[in-house]
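Chemist: Pasting a structure below so you can have a look.
Please treat every number below as a calculation from the coordinates, not as lab data. For clarity, every value in this text was computed on a predicted model and none was experimentally measured. Because the Cβ atoms are built from the backbone with ideal geometry, glycine has one as well, and the counts that use them run over all protein chains shown.
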Amino acid sequence: MKEFDKLLEIMNKLRNPEKGCHWDNEQTHKSLIPHMIEEVYEISDAITQENFESLKEELGDLFLHIIFQAKIAEQEENFTIKDVLEKVNEKMIQRHPHIFGDVKVKNSKDVEHNWEKIKKEEKNHRKSILEGLPKSLPALIKARRIQNKAATVGFDWDNVNKIFSKLKEEIGEFEEEYKVHNQKKMSDEMGDILFAIVNIARKLQIDSELALNNSIKKFIKRFEFIEKKLKKNIFSAGLDEMENLWQEAKKKDVSE
């Protein structure tokens, strides 16, 4: 594809030690991490907002970072972009035996089960199918991924109502620790509550990360409504007055 070749040509010029860009030549694998993570979040925002013009641009930016990382690796004689593409092609074929082989599947659950099984065989140095998730992955996303991985071997609630019962149990345990003000155990129980909530969301096919972000966005908009109404008086306003304005914002469906 000529566009792909053009991007490679651009990166080669940018990373030219003698005639390239000073900034681009100074970058390393590690120095680019914050920029790359930012691009992923910008992609997430574009998808959430269904802004496809922005999504097109942000995907291009992420693609640039992939080429950038591969170019650095090539200059350090570790691997090339060709090696990257060969590896992912090999992986996709290997992990889809129901498409490229003779394995039969009934549904997406079977596909996920096979994926994790094959992945476990590939990564035979790992002791658990739960290994391999990035340590810096946001906790809500990590919780869902852990639960999904466990579910691929059948370790999962068969009924969401059972998780509701578990949630009530965890809340009760948190209340008991709250009564004695055991901060360490309160923190542990709060983690269990959040884990159960993510599990409920997963079973109901709700993205807990997206749901929480939407609630944060809604809170900000409604609080800004209060600020706009009270202006400088917000510092002297009482909770009752602000709560009344909050309810007004809620009735007007202030959330966007």
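Chemist: Can you give the convex hull volume of the alpha carbon atoms of the stretch 2-94 per residue, in Å³?
Modeler: Dividing the Cα hull volume of the stretch 2-94 by its residue count gives 128 Å³.
Chemist: OK, next. If you stretched the chain out fully between residue 28 and residue 218, how much longer would it get, using 0.36 nm times the residue separation minus the C-alpha to C-alpha distance?
Modeler: Length gained between residue 28 and residue 218: 64.5 nm.
Chemist: Note down the Stokes-Einstein diffusion coefficient of the stretch 210-251 in µm²/s, whole number, using a Kirkwood radius over alpha carbon pairs, 25 °C, and 0.890 mPa s.
Modeler: Estimated diffusion coefficient is 229 µm²/s.
Chemist: So if each residue of separation counts as 0.36 nm, and I subtract the Cα-Cα distance between residue 21 and residue 131, what length gain in nm does that give?
Modeler: Between residue 21 and residue 131, full extension yields 35.7 nm more.
Chemist: Subtracting the Cα-Cα distance from 0.36 nm times the residue separation, let me have the gained length for residue 206 to residue 123 in nm, one decimal.
Modeler: Result: 26.9 nm gained on full extension.
Chemist: Could I ask something else about it? Quick check for me: using +1 on Lys/Arg Cβ and -1 on Asp/Glu Cβ, what's the dipole size of the chain about its Cα centre, in debye to the nearest 20?
Modeler: That gives the chain a dipole magnitude of about 500 debye.
Chemist: If I compute Cα extents along the principal axes in Å from the structure I just sent, which labelled value in (1) 52, 49, 46; (2) 49, 47, 38; (3) 65, 51, 36 lines up?
Modeler: (3)
Chemist: Which residue, chosen from 54, 27, 230, occupies the Cα position most advanced towards the positive end of the dipole of the chain, where the dipole is computed from +1 (Lys, Arg) and -1 (Asp, Glu) charges on Cβ about the Cα centre?
Modeler: 230
Chemist: What spacing in nm lies between the two simple spin-label points modelled at residue 182 and residue 93, each 7 Å away from Cα in the Cβ direction?
Modeler: The two pseudo-label positions are separated by 5.7 nm.
Chemist: Let me ask something else. Going by how many other Cβ atoms sit within 10 Å of their own, how do 28, 152 line up, fewest first?
Modeler: Listing 28, 152 from fewest to most nearby Cβ atoms yields 28, 152.
Chemist: Rounded to the nearest 0.05, what FRET efficiency do residue 243 and residue 113 give with R0 = 41 Å and r taken as the Cβ-Cβ distance? Could you check?
Modeler: Computed FRET efficiency for residue 243 and residue 113 comes out at 0.25.
Chemist: Charges at C-beta only: +1 for Lys and Arg, -1 for Asp and Glu. How large is the resulting dipole of the stretch 210-251 about its Cα centre, in Debye rounded to 20? Each step should come with its number before you reach the end.
Modeler: Values: 10 positive and 6 negative charges, 54 e Å.
Around 260 debye, computed over the stretch 210-251.
Chemist: Turning to a different aspect of this structure: Just grab the label-to-label distance for residue 80 and residue 192, each label 7 Å out from Cα along the Cβ direction, in nm (one decimal).
Modeler: Going from the residue 80 label point to the residue 192 one covers 5.6 nm.
Chemist: Remind me, relative contact order of the chain in percent, using alpha carbon pairs under 8 angstrom and six or more residues apart?
Modeler: 10 percent
Chemist: With θ set to phi - 60° and the Karplus curve 6.51 cos²θ - 1.76 cosθ + 1.60, what are the ³J(HN,Hα) couplings of the stretch 128-142 in order, to the nearest whole Hz, using x for Gly and Pro?
Modeler: 9, 5, 7, 6, x, 7, x, 5, 8, 4, x, 4, 5, 5, 4
Chemist: A follow-up question, please. What angle, in degrees between 0 and 90 and rounded to the nearest 10, separates the Cα long axis of helix 160-179 from the longest principal axis of the Cα atoms of the chain?
Modeler: The helix 160-179 is inclined about 60 degrees to the chain.
Chemist: Once phi is turned into ³J(HN,Hα) by the Karplus curve 6.51 cos²θ - 1.76 cosθ + 1.60 with θ = phi - 60°, what whole-Hz value does each residue of the stretch 144-159 show in order, with x for glycine and proline?
Modeler: 5, 5, 4, 4, 5, 5, 5, 5, 5, 10, x, 7, 7, 5, 8, 9
Chemist: Cut-off is 10 Å between beta-carbons; in what order do 248, 58, 18, 3 appear when sorted fewest neighbours first?
Modeler: By the 10 Å Cβ count, ascending, the order reads 18, 3, 248, 58.
Chemist: Please rank 180, 40, 198, fewest neighbouring Cβ atoms within 10 Å first, as an exposure proxy.
Modeler: Going from least to most buried by this count: 180, 40, 198.
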